[in-house]
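The values are calculated or read from the model by the stated rules, or taken from the named source; none is laboratory data. Every value quoted in this text rests on a predicted model; they were computed, and no experiment measured them. Note: ideal-geometry Cβ built from the backbone for every residue, glycine included; neighbour counts use all protein chains shown. Calculation scope for accessible area: heavy atoms of the full protein, side chains included, ligands and nucleic acids excluded. Shrake-Rupley method; radii C 1.70, N 1.55, O 1.52, S 1.80 Å.
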Amino acid sequence: CTRACVCVRVYMQEKRSADQKKLALRQVPGFLEFIGFKFSPWIVIIGPLVNFKEYDNFVHNTHLKDFDTKKFSLFSETLRSTLQSLFESLIGAAIMFTGDALLPNSFFISEAFAEYSWPSRYTLLWVNFVVEISKYICAWKVMEAASCISTLGYSGSDKTGPKFELCRQVYMWAIAFPTSFAHCCVNFNCATHRFVKRYVFKRLVFLGNIHVSMVLSMVYIAIWHGTHFGYFWAFVFCETFGIAVEAMWIPIVQNITGIQTLASLPAHMRIPLHFLCMVYSFLGLGYGFTGMTFLNSRDTLLIIGRVHYYFHAVGLVLIGLYFIVPARLKVSPVPAEKKKE
């Protein structure tokens, strides 16, 4: 897979967008170069998080050409980012080991889980999501630390200073305090989504339908992870479904309430609304991540049946109501700044 991507970038040297040309290679890398790329820490642990061009810039030490050594210390900045990633990895490990001890996966397929009240079952699915995602965070943050200490993770600077986000796979605090279901999805498994967007989604433009392209891209992500039913459940039947329903209703909610973003609200309104957004996001994530936890169809559908398929049930109701809502409410409101222009 990685070898194919390298060759594709060579082929794209004379074609397509500026982004593709930026990452293209002038020639196919040699065997030793490819082996060095393939077995580097940020590739071995979880897969190709960087393009070969980005790795090549790191090897030839050209990736730091815009780093301002007069304002910032490269040593202190890399050390700070590395320690931050390691600290978040330790948090993930603590949650993972504690959760596995107190709430093993066997509990969810037992009769004990079925005896809880329905609000408790929904909440326990969310707790299971937190425990399971901590396993990913623990591994990914170790890889991020390796990319930071080596400086490969350097992704440029902004007003706040240097950023080490080139190999960032998960934004831990964004998932801990989400504002929407889609917000959680885009801040998790970032490198894989970025890879699929570049190499699959944009290649399907010839289909002329963004929705079909999105579904096929999510099918690709599921196959990328494996052929288990649980991956298709998580990525195709839940993530794609949830993002689609949310995209349908966001303009409607904005038009009815007049709220464009949570950040524009005063604190006494923003905090409770943010909490409600977190609750519904967590309910969706706990529901979808069940497939990633149990993988096989029997256990996944058994557990989902015990929570009454609530995510799809509510989503189908919202889809039905969408066709009743007046057309004028379905159009995204124009921000005040653009109206002045």
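Summary of values
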{"quantity": "Positive-end extreme of charge dipole, the chain - chosen from ILE304, LEU25, PHE188 (charges on Cβ)", "calculated": "LEU25"}
{"quantity": "Karplus-derived 3J(HN,Hα), 6.51/-1.76/1.60, for each residue of the stretch 305-316, Hz, glycine and proline x", "calculated": "x, 6, 10, 6, 6, 4, 5, 6, 5, 5, x, 5"}
{"quantity": "GNM top mover of ALA114, ALA145, ALA191 - the chain, alpha-carbon springs below 10 Å", "calculated": "ALA114"}
{"quantity": "Per residue accessible area in Å² of the stretch 169-300, where ligands, DNA and RNA are left out and the probe is 1.4 Å", "calculated": "48 Å²"}
{"quantity": "Residue-by-residue Karplus 3J(HN,Hα) for the stretch 223-231, coefficients 6.51, -1.76, 1.60, Hz, glycine and proline x", "calculated": "5, 3, 6, x, 9, 5, 4, x, 5"}
{"quantity": "Simple spin-label estimate for ILE259 and LYS159 in nanometres, 7 Å along Cα-Cβ", "calculated": "2.6 nm"}
{"quantity": "For MET248, solvent-accessible area (1.4 Å; no DNA, RNA or ligand), Å²", "calculated": "50 Å²"}
{"quantity": "Ranking by accessible area, most exposed first, for ASP56, ASP100, ASP66 with a 1.4 Å probe", "calculated": "ASP66, ASP100, ASP56"}
{"quantity": "TRP140, TRP126, TRP249, ranked by accessible area, largest first (probe 1.4 Å)", "calculated": "TRP126, TRP249, TRP140"}
{"quantity": "Alpha-carbon radius of gyration plus Dmax, which is the widest Cα pair, for the stretch 69-186 in Å", "calculated": "18.1, 64"}
{"quantity": "Net dipole in debye of the chain [+1 Lys, Arg Cβ; -1 Asp, Glu Cβ; about Cα centre; nearest 20]", "calculated": "1140 debye"}
{"quantity": "Rounded Å value of the spacing that divides the Cα centres of the stretch 115-131 and the stretch 294-328", "calculated": "17 Å"}
{"quantity": "The chain: projected area of the alpha-carbon convex hull, averaged over directions, in nm²", "calculated": "21.3 nm²"}
{"quantity": "Relative contact order %, the chain, counting alpha carbon pairs below 8 Å whose residues are six or more apart", "calculated": "16 percent"}
{"quantity": "Relative contact order of the stretch 182-295, defined on C-alpha pairs under 8 angstrom at six or more residues apart (%)", "calculated": "30 percent"}
{"quantity": "Solvent accessible area, Å² - TYR116, 1.4 Å probe, full protein context", "calculated": "100 Å²"}
{"quantity": "Amide proton proximity set for VAL170, modelled H, under 5 Å, gap of 5+", "calculated": "CYS190"}
{"quantity": "Largest-first ordering by accessible area, 1.4 Å probe, given options ARG26, ARG121", "calculated": "ARG26, ARG121"}
{"quantity": "Whole-Hz couplings from phi, Karplus 6.51/-1.76/1.60, listed for the stretch 154-163; x for Gly and Pro", "calculated": "4, 10, x, 10, 9, 5, 8, x, x, 10"}
